[in-house]
1. Taking the Cα atoms only, what angle lies between the long axis of helix 2-23 and the longest principal axis of the chain, rounded to 10 degrees?
2. Find the accessible area per residue for the chain; the probe is 1.4 Å, ligands and nucleic acids are left out, and the unit is Å².
3. How far apart, in nm, are the 7 Å Cα→Cβ label points at T167 and T86?
4. May I ask you to compute the full-extension gain from D54 to D150, defined as 0.36 nm times their residue separation minus their alpha-carbon distance, rounded to one decimal in nm?
5. Run lengths n ≥ 4 of DSSP H only: what is the helix-derived mean residue ellipticity at 222 nm for the chain, with -39500 (n - 2.57) per run over all residues, to the nearest 500?
6. Taking square-rooted eigenvalues a ≥ b ≥ c of the alpha carbon gyration tensor, is segment 33-173 rounded, prolate or oblate, where a/c under 1.5 means rounded and, failing that, a/b exceeding b/c means prolate?
7. Got a number for carbon plus sulfur as a percent of the chain's accessible area, 1.4 Å probe?
8. Where a ≥ b ≥ c are the square roots of the eigenvalues of the C-alpha gyration tensor, would you call segment 117-157 rounded, which needs a/c under 1.5, or, failing that, prolate if a/b is larger than b/c, or oblate?
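The values are calculated or read from the model by the stated rules, or taken from the named source; none is laboratory data. A quick note: this is a predicted structure, and the numbers were derived from the prediction, not measured. Because the Cβ atoms are built from the backbone with ideal geometry, glycine has one as well, and the counts that use them run over all protein chains shown. What goes into the accessible areas is simple: the full protein's heavy atoms, side chains included, and nothing from ligands, DNA or RNA. Shrake-Rupley method; radii C 1.70, N 1.55, O 1.52, S 1.80 Å.
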Amino acid sequence: MKRIFTTYFMGAMTLISFSALAQDSLFISELLDPEDDYSGRFIELINAGSEAIDFSTTTCFLSRQSNGGTTWGDLQLSGSVAAGATFVIGGSGFEALYGKAPDQVSGILIGNGDDAYALFTGGDHETGELHDIYGVIDVDGTGEAWEYTDSRALRVESVLNPNTIWTAAEWDI
């Protein structure tokens, strides 16, 4: 009995370790606020790692804080993202504008270019751990270096890991 438990426990710990390592390579890679159609706004995540991430076993939320205030929108991610692939959360008009469906549709997270976005693991903005961020929590992005109203913010190619502090040098806006 002890041997079976030890084998099971070690196997479970290995699975948890692989999941933790896999999620370490997930981060926000692009945000778009097209001037001509608000329903085409989207946020792209990238899995820069060598293992797929399955959101049924790895809990991740993408959260938006509106205008630096107390209003948050939280979206639990569903589906999966392959190693080296992107995962797109798009608005209701995404497919009509870009000719393909996003990986997940949400209107709650599609801000207007001056909101902070954060990726949390293990829970939402209240219960999870901050994993990656675009913008600054509790700051209205209007006029800030991270404002991308009517344009896009793209993570520079050399960034391969998430960052819990917004860093201007990691972004082209």
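1. Between helix and principal axis, roughly 20 degrees.
2. On the way: 8950 Å² over 173 residues.
On a per-residue basis, the chain sits at 52 Å².
3. 2.2 nm
4. Details: separation 96, 0.36 × 96 = 34.56 nm, distance 3.22 nm.
Separation in residues times 0.36 nm, less the Cα-Cα distance, equals 31.3 nm.
5. Details: 2 runs with 27 residues, N = 173.
Mean residue ellipticity, 222 nm, calculated: -5000 deg cm²/dmol.
6. Values: a/c = 1.30, a/b = 1.12, b/c = 1.17.
The shape class here is rounded.
7. On the way: 4800 of 8950 Å².
That fraction is 54 percent.
8. Numbers: a/c = 3.05, a/b = 1.66, b/c = 1.84.
Because a/c hits 1.5 or more and a/b fails to exceed b/c, segment 117-157 counts as oblate.
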